[in-house]
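The values are calculated or read from the model by the stated rules, or taken from the named source; none is laboratory data. These numbers come from a predicted model, not from an experiment. Cβ sites come from the backbone with ideal geometry, for glycine too, and all protein chains shown count toward neighbours. The protein model used for the area step is the full one, side chains on, heavy atoms only, and it has no ligands, DNA or RNA in it. Shrake-Rupley method; radii C 1.70, N 1.55, O 1.52, S 1.80 Å.
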Amino acid sequence: MTTPAPSATIRDLRESVRSGARSAVEICRETLARVRASDPALHAFHTVTADRALARAADLDRDRDRWRDAPLTGVPVAIKDNLCTRGVRTTAASKMLETFVPPYDATAVARLERAGAVMIGKTNCDEFAMGSSTENSAFGPTRNPWALDRTPGGSSGGSAAAVAARLAPLALGSDTGGSIRQPAALCGIVGLKPTYGRVSRYGLLAFASSLDQIGSLTLTVHDAAIALNVIAGADPADATSAPDPVPDYTAALTGDIRGARIGVPSRLLENGPGGPDGIDREVAGAFRTALDAFASRGATLVDVDLPHARHAVAVYYLVATAEASSNLARYDGVRYGFRAPFDRHDDALGSMYARTRAGGFGPEVKRRIMLGTYVLSAGYYEAYYLKAQQVRTLIARDYERAFERVDAVAMPTSPTPAFPIGERVADPLQMYLADVFTVSANLGGLPAVSVPCGFTAGGLPIGLQLVGRRFDEPTVLRLADAYERDTNWWKREPAHV
Amino acid sequence: MVAFAMPAGVTRAQVEAIAALAQLDLDPSEVELFTRQLCDILAYVDELQQVDTSGVPPTSHVAPGGASDRPDEVRPSLDPPDALANAPDAARETPLGSFFKVPRVLG
């Protein structure tokens, strides 16, 4: 590495700008130099908005008085490329949207900019956020900064790799079945999926509307709380955004977790999909050691039963694909995006639609549209889609019952550490099972955070997940922060930084 | 309520019919691949049939209190030039107005 590492966290960068120790332009230049040096090997970014970022940083420096107390002044941020950015290409990693330039900003992006953040670019992801490895990008995979032959997870893999490689202290991602938490775990950083409705989805290219939620990827839990303070809150442009007041999430990070009750679903962990051998031995070991750390800080561990959670992957792949088949009907070559040549002598409009969609979508997106269309079709609706919605109710009830006894439920975020690029692409079902511990939080609309909890002997990061009650981000963040204070796994930097 | 007889598998003909519904012009190799993969995935999700869901209401969303209403008022929206900016084909400020252009719809 030739360029010096900038002070890594949001908190430190923000403070250095506030104190006048560094200018927004200095930080921006350093950050862009790091991106230029590291990103050719990682491919975390699709688009780097260098000129725009430098102009923005210069504006902040010129108008220091106005920006002095804004929460993110001068902080470089990276945005997953399925979030609309006005005037900046937004592709969702799809050929379908290769040239799409949105005429508006996603609300979460606008809120970051209003808080003084400097967007440095758009990050790679699985096409339309469909995947668990970022290999489904139409523009090539992202590599894991801890091991370049491995995936960073997905679908927010570019966002996770960028933060892990210290190319930005904050990236936005979206999480439909684990797409923030799983790549955070596989890249050794913190990933927060807020409660459904906590963050406006306006400007997020929709995948599965009852599951999608925007959240953050950061180095520390404190930084996740700072980011949530900015992006959370009601938005007239998203009718599902919640009116609940937004507390100061950093105030919850007291370090005091005495008396907190943490549920451990031991039966699920022992006999989940994949059976007793479904969880990597080193992941299981790191998880158990982390539970001891919580207990040492005064939390009580309680065994909880989530009898229906083992069906979560099956439910998820029926509900999410059904919603996706409907949401992605909008990509028809008429209003934006790719349009295929069509046959003027045939059914011209119909052939244009079908060729556009066949040529614009990649294999995983087509597979999910096909599955979703199938499960919604006459004759199969009750057997698949309705059944899945009913089991979704049972999974949500399992958690409600658990939360009568505990404040949060702990699990490994992913059953395995980062896997080699190419290992699972031929077997979609195997890839789907990577989401076994993350999808339940989406099905129930619950907040969940992944925090680093150790490394394998081979040096790959491992993540621990805490799932909380709806709108109880303060508790999951307090627990994760207290654990982080004792361990500080995030301070270890990947080889490719 | 009838007990649902689960299909043993998905046929090529079904995959072709689904592709037509989904407006996807699949090539023969994709039809073959998806026939096999949809069979695998549907065999996996078949485990849901073991779950007793009698009397359980379906969950279609988890928005707190459902989506909220707002007054039905006209508010600013995209200007036509912005709305047309990404169109693969459009007419802009013609005597007939500004609009998206599509291939022939009727014969």
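From the list A:ALA441, A:ALA408, exactly one residue is open to solvent by less than 10 Å² (accessible area, probe 1.4 Å), more than 10 Å from chain B (Cβ to nearest Cβ) and touching a helix residue (DSSP H, G or I) at 6+ places or on another chain (Cβ under 7 Å). Which is it?
One residue alone meets the criteria, A:ALA408.
Just checking, how many residues over region A:57-78 are out of contact with any Gly (no Cβ under 6 Å at 6 or more places or on another chain) and open to solvent by 10 Å² or more (accessible area, probe 1.4 Å)? The total comes to 11. It is to be established whether one or more residues within region A:74-89 are part of a helix (DSSP H, G or I) and either at pLDDT below 95 or among the aliphatic types (A, V, I, L, M) (or both). Within region A:74-89, none of the residues are part of a helix (DSSP H, G or I) and either at pLDDT below 95 or among the aliphatic types (A, V, I, L, M) (or both). Evaluation of B:VAL31 against the conditions (1) more than 8 Å from every other protein chain (Cβ to nearest Cβ); (2) of a type outside the set (Asp, Glu); (3) closer than 20 Å to A:VAL319 by Cβ shows that the sole unmet condition is (3). Out of A:LEU466, A:LEU429, one residue alone is within 28 Å of B:ARG36 (Cβ to Cβ) and among the aliphatic types (A, V, I, L, M). It is A:LEU429. If you go through region A:333-359 and keep only what is more than 8 Å from every other protein chain (Cβ to nearest Cβ), within 12 Å of B:PRO88 (Cβ to Cβ) and surrounded by fewer than 23 Cβ atoms within 10 Å (Cβ to Cβ), you end up with A:ALA340, A:PRO341. Inspection of region A:280-288 identifies at least one residue that is open to solvent by 10 Å² or more (accessible area, probe 1.4 Å), aliphatic (A, V, I, L, M) and over 30 Å from A:ALA110 (Cβ atoms). Remark: A:GLY197 matches the filter, which requires a residue to be part of a loop (DSSP other than H, G, I, E, B), touching a residue at least 24 places away in the same chain (Cβ under 8 Å) and open to solvent by less than 10 Å² (accessible area, probe 1.4 Å).
Restricting attention to region A:242-254, the residues that are part of a loop (DSSP other than H, G, I, E, B) and open to solvent by 10 Å² or more (accessible area, probe 1.4 Å) add up to 8.
The requirement of being closer than 23 Å to A:ALA309 by Cβ and at pLDDT 95 or above is fulfilled somewhere in region A:419-435, by at least one residue.
With the condition kept exactly as written, say whether any residue in region A:49-57 is in contact (Cβ under 8 Å) with a residue 24 or more places away in the chain, within 17 Å of A:VAL497 (Cβ to Cβ) and out of contact with any Asp or Glu (no Cβ under 8 Å at 6 or more places or on another chain).
Step one: of region A:49-57, the residues in contact (Cβ under 8 Å) with a residue 24 or more places away in the chain are A:49-50, A:52-54, A:56-57.
Next, from what is left, pick out any that are within 17 Å of A:VAL497 (Cβ to Cβ): none.
No, because not a single residue in region A:49-57 is in contact (Cβ under 8 Å) with a residue 24 or more places away in the chain, within 17 Å of A:VAL497 (Cβ to Cβ) and out of contact with any Asp or Glu (no Cβ under 8 Å at 6 or more places or on another chain).
If you go through region B:50-71 and keep only what is facing another protein chain (nearest Cβ under 8 Å) and open to solvent by less than 60 Å² (accessible area, probe 1.4 Å), you end up with B:VAL51, B:THR53, B:VAL56, B:THR59, B:VAL62, B:ALA63, B:PRO64. Applying the set (1) open to solvent by 40 Å² or more (accessible area, probe 1.4 Å); (2) facing chain A (nearest Cβ under 8 Å); (3) over 27 Å from A:MET352 (Cβ atoms); (4) modelled with pLDDT of 90 or more to B:MET6 leaves exactly one unmet item: (4). Restricting attention to region B:81-107 and to residues that are outside any loop (DSSP other than H, G, I, E, B) and out of contact with any Lys or Arg (no Cβ under 8 Å at 6 or more places or on another chain), the residue that is farthest from A:ALA239 (Cα to Cα) turns out to be B:THR94.
Taking the options A:PRO428, A:PRO447, A:PRO420, A:PRO494, name whichever one is within 19 Å of the chain's Cα centre (by Cα) and not hydrophobic (A, V, I, L, M, F, W, C).
On the way: A:PRO428 fails: within 19 Å of the chain's Cα centre (by Cα); A:PRO420 fails: within 19 Å of the chain's Cα centre (by Cα); A:PRO494 fails: within 19 Å of the chain's Cα centre (by Cα).
Answer to the selection: A:PRO447.
Only residues that are part of a helix (DSSP H, G or I) and more than 7 Å from every other protein chain (Cβ to nearest Cβ) were counted in region A:373-383, giving 3. Can A:ARG267 be described as open to solvent by 40 Å² or more (accessible area, probe 1.4 Å), modelled with pLDDT under 95 and under 30 Å from B:GLU47 (Cα atoms)? Answer is yes for this residue.
For the residues A:ALA92, A:ALA115, A:ALA70, A:ALA106, the requirement of being farther than 20 Å from A:LEU32 by Cα, within 14 Å of chain B (Cβ to nearest Cβ), touching a Leu at 6+ places or on another chain (Cβ under 9 Å) and in contact (Cβ under 8 Å) with a residue 12 or more places away in the chain singles out A:ALA92. Restricting attention to region A:167-194, the residues that are of a type outside the set (A, V, I, L, M, F, W, C) and part of a strand (DSSP E or B) add up to 5. Got at least one residue in region A:423-432 being among the small types (Gly, Ala, Ser), surrounded by fewer than 19 Cβ atoms within 10 Å (Cβ to Cβ) and more than 9 Å from chain B (Cβ to nearest Cβ)? Among the residues of region A:423-432, at least one is among the small types (Gly, Ala, Ser), surrounded by fewer than 19 Cβ atoms within 10 Å (Cβ to Cβ) and more than 9 Å from chain B (Cβ to nearest Cβ), which makes the answer yes. Select from region A:108-117 the residues that are of a type in the set (A, V, I, L, M, F, W, C) and part of a helix (DSSP H, G or I) and write down the one among them that is surrounded by the fewest Cβ atoms within 10 Å (Cβ to Cβ). This residue is A:ALA110.
Just checking, does region A:81-94 include any residue being under 22 Å from the mean Cα position of the chain (by Cα) and surrounded by fewer than 18 Cβ atoms within 10 Å (Cβ to Cβ)? The answer is yes, given that some residue of region A:81-94 is under 22 Å from the mean Cα position of the chain (by Cα) and surrounded by fewer than 18 Cβ atoms within 10 Å (Cβ to Cβ). As for region A:118-129, it holds at least one residue that is surrounded by fewer than 24 Cβ atoms within 10 Å (Cβ to Cβ), in contact with a strand residue (DSSP E or B) (Cβ under 7 Å, 6 or more places away or on another chain) and not in a loop (DSSP other than H, G, I, E, B). Of the residues making up region A:200-231, those that are open to solvent by less than 10 Å² (accessible area, probe 1.4 Å), within 14 Å of chain B (Cβ to nearest Cβ) and of a type in the set (A, V, I, L, M) are A:ALA208, A:LEU211. Within region A:380-392, residues that are open to solvent by 40 Å² or more (accessible area, probe 1.4 Å) have Cβ atoms under 7 Å from residues that are assigned to a helix (DSSP H, G or I) in these pairs: A:TYR380/A:TYR374, counting only partners at least 6 apart in sequence or on another chain.
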